[in-house]
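Report on the structure given below.
Throughout, read-outs are computed from the coordinates displayed, never taken from laboratory work. A quick note: this is a predicted structure, and the numbers were derived from the prediction, not measured.
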Amino acid sequence: MKFAKIIFIIFALFPFYLSAETAEEQGLRIAKASYENGRGFTDMVSDQLMILIDPKGNEVTREVSGKTLENLDPNDGDKSLTYFKTPKDVEGTVMLSHTHISDDDDQWLYLPALGRVKRISSSNKSGAFMGSEVAFEDFSGTDYRKYEWKFLGEEMENNETFYKLESYPNYENSGYSKRISLIDNLNRTYKVDFYDRKGELLKTLYLEDYVLYKDKIWMANTMKVENIQNKNITIFKWLNRELDVGINKKDFEKSSILRLAD
Amino acid sequence: MLKKYIISFLFVFLQYLVASQNAAAIDYKAYGFIQPEITTFFNGDGRHDQSNSNQSIFVKGTFITYLNNGDQKITINTTGRIDEKDSERSYIDFQKFKYEQYFDDITLKIGNELIFWGVNESFNIVDIINQSNLAEDISGTKKFGQPMISLNYNHSYGNFDLFIMPFFKERIFPGRNGRPRLALEVDKSTVAYESSSKKNKIDAAVRYSTVYDDYDIGIAHFYGNNRSPELNVNPLSQKLDAYYPILSQTSLDIQSTKGAWLYKLETLTAKNGEERHFGIAGGTEYTIYGLRETTSDLGIIVEYTFDDRNDFAFNNEGVLALRWTKNDIKSTSLLAGLVADMSGSSNRFFAEFEQRIRDDLKVFIDMSINGEIDADDFTYAFEEDSQLTLKIAKYF
């Protein structure tokens, strides 16, 4: 009798499972929609401010400016060129990245003190960007295909309902075991919790000041990272962001670094 | 004399270019630093009976402006030093003083320029365009700007560069009171050349470079006065006479970047005067990221250089070095290692520490300790010049 009941329940549920998405499929669908929210910009220029705050409240500000070229090939990553303005001892430093979805990125660095362009390793995924709480993988790992996704349900925060997604990096050398994201009903990421390799909560990222560009592209102009373990805070602000300005794609070649260099 | 006229002309031309722009639209960057340095030597007055300390001030200034919507660029990059002891080490140099015009795929460049070729951390044997200032740094990595006209053609198959270089500059060696210095002084009045045009010889070079997948590749040929002179003892003056042969050098440099491993190779074959020689230098650099679950990285560098000239200073040397970067807000880093002569017992330990102590201040501590040096090694003259240098840079 008991056995029959179990069979009945299983059969009763079966059609439902056939028609609905799995949690993984649903997670992937939302993550893809969220990623595509920020696509179609063609190219982009901006100035960026990075404010580093330690637990005592001491603040330092770093300034960079950058250009990004969207890769129209959906199977390859974008290219970006970053020019460092402060701190003053790194002024004139230029970094060029060609990101890839499954392979390591290609990166070159021009350092004024050395006066040479160096190809550098990009396997440093978990390393800190300029002493901040932002890791290199936080910049290069924005493509949804770099993770496995899972939909966990809906969650209320600040009187708003968010999709709650769990993701696991599928590239090597990540500093994270998993991430938990909250995404709003416009598919904009609101918050991400990062868990370290041991599974402990490491830091929380808040994406704020969303601006709608070209009537279709949502981009957050403030990123705040609170490290839970060392209590440091990094605030990243995009200023003067302009999209689709018509940058020459040759500007993103290794040889063009010297046009920016000192 | 001609050089002075050309530099004055260039200066007036650049001023004209800047003045012809709408003043409000000129966008420029100007920055630099001033760096007092104190050196102390561990072996007292040393082999050449010199002072056991030195003070020095190094300055660097950079000015960049783009004109006509970025189609033209002017770069001025000046370095200079005032040295307490060695007048040869006091200098001013326009490392870069150049005008660039960007066409679609072509860049035209006129003026003083620093051109770096190579991939290695320690032995950049293919780097030949610029003259070394050994008074500034005995290792030869500090270079003078080279006047040139250069063309770069950026094709989808790679980059083609042509360099035409008038105005050869003689190598600068440490003076009598410079420490470290060679055992004998280099006589400036007896400099000789293979070329009948001497220092007015116009040198030329071509280079092709490309990026193919994980490989960065450069092939180059240089024809001109060798930057590195032959030094021969003059028995009458008891000084060294410098002789600059004509060098015809073909070189290849490759770096392969495979994850955390970098593989580097520089090789050349050259005809120097009447003799042909071959050189090869390379190695690997492996970086451990996030050392012991911290934010620190540790790089391990192993490099080796070989040259088939027996009388060449670096004909069989190895380097083992560790580079620790803390990746903190102060950009703390330490590079330390050992340079060893593989065919003798000479060796040298070095360490370079740096840390930002304020947004506009950075401290550098450099140490160099000479181990046992063979009497027939050219660095024997520096054996008692182990030193510690403290530098503080103030940025503007």
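With axes computed from alpha carbons, what is the tilt in degrees of helix A:2-19 against the longest principal axis of chain A, rounded to the nearest 10 within 0 to 90? With rounding to tens, the tilt is 40 degrees.
Considering all alpha-carbon pairs of the stretch B:252-320, what whole percent are spaced by more than 16 angstrom?
Cα-Cα pairs in the stretch B:252-320 separated by more than 16 Å: 59 percent.
Largest first and in whole Å, the equivalent-ellipsoid semi-axes of chain B read 32, 28, 25, each the square root of five times a Cα gyration tensor eigenvalue. The convex hull of the Cα atoms of the stretch B:196-254, projected and averaged over all directions, covers 5.6 nm².
Bridging of A:LYS178 to aspartates and glutamates at a Cα separation below 12 Å is possible for A:GLU148, A:GLU166, A:ASP193, A:ASP196, A:GLU200, once same-chain residues fewer than 8 apart are set aside. The mean of 1/r over all pairs of different alpha-carbon atoms in the stretch B:60-141, once inverted, gives a Kirkwood hydrodynamic radius of 14.9 Å. Here the stretch A:94-113 and the stretch B:111-134 have alpha carbon centers that stand 23 Å from each other.
Filter A:LYS214/A:LYS237; B:LYS60/B:LYS199; B:LYS258/B:LYS394; B:LYS109/B:LYS391; B:LYS109/B:LYS326; A:LYS254/B:LYS271 down to the pairs with a C-alpha to C-alpha distance above 29 Å, please.
Values: A:LYS214/A:LYS237 20 Å; B:LYS60/B:LYS199 27 Å; B:LYS258/B:LYS394 37 Å; B:LYS109/B:LYS391 34 Å; B:LYS109/B:LYS326 39 Å; A:LYS254/B:LYS271 31 Å.
Going by Cα-Cα distance, B:LYS258/B:LYS394; B:LYS109/B:LYS391; B:LYS109/B:LYS326; A:LYS254/B:LYS271 fall outside the 29 Å limit.
Note that the stretch B:139-154 has calculated 3J(HN,Hα) couplings of 6, x, 7, 8, 10, 8, x, 10, x, 6, 10, 9, 10, 10, 10, 9 Hz, one per residue in order, obtained from phi through the Karplus relation 6.51 cos²θ - 1.76 cosθ + 1.60 (θ = phi - 60°); glycine and proline are x. Computed over the stretch B:291-396, the convex hull of the alpha-carbon atoms projects to a mean area of 8.5 nm². Spherically averaged projected area of the convex hull of Cα atoms, the stretch A:63-144: 5.6 nm².
Hydrodynamic estimate: the Kirkwood radius of the stretch A:81-194 over Cα pairs, inserted into Stokes-Einstein at 37 °C and 0.692 mPa s, corresponds to D of 204 µm²/s. Across the stretch A:129-226, Cα-Cα pairs more than 20 Å apart make up 38 percent of the total. Across the stretch A:114-160, Cα-Cα pairs farther apart than 17 Å form 61% of the total.
When 1/r is averaged over all different Cα pairs and the result inverted, which Kirkwood radius in Å belongs to the protein assembly as shown? Please report the intermediate quantities before stating the final value.
On the way: mean 1/r = 0.0360 Å⁻¹.
Its Kirkwood hydrodynamic radius stands at 27.8 Å.
With 5 Å bins beginning at zero, the pair-distance distribution over Cα atoms of the stretch B:132-210 amounts to 3, 13, 15, 16, 18, 14, 10, 7, 3, 2, 0 %.
Each stretch of four or more DSSP H residues adds -39500 (n - 2.57); spread over every residue of chain B, this sum gives -1500 deg cm²/dmol at 222 nm.
A Cα-only calculation for the stretch A:23-260 places Rg and Dmax at 17.6, 54 Å. The mean sequence separation of alpha-carbon pairs under 8 Å and at least six residues apart, normalised by the residue count of chain A, gives a relative contact order of 20 percent.
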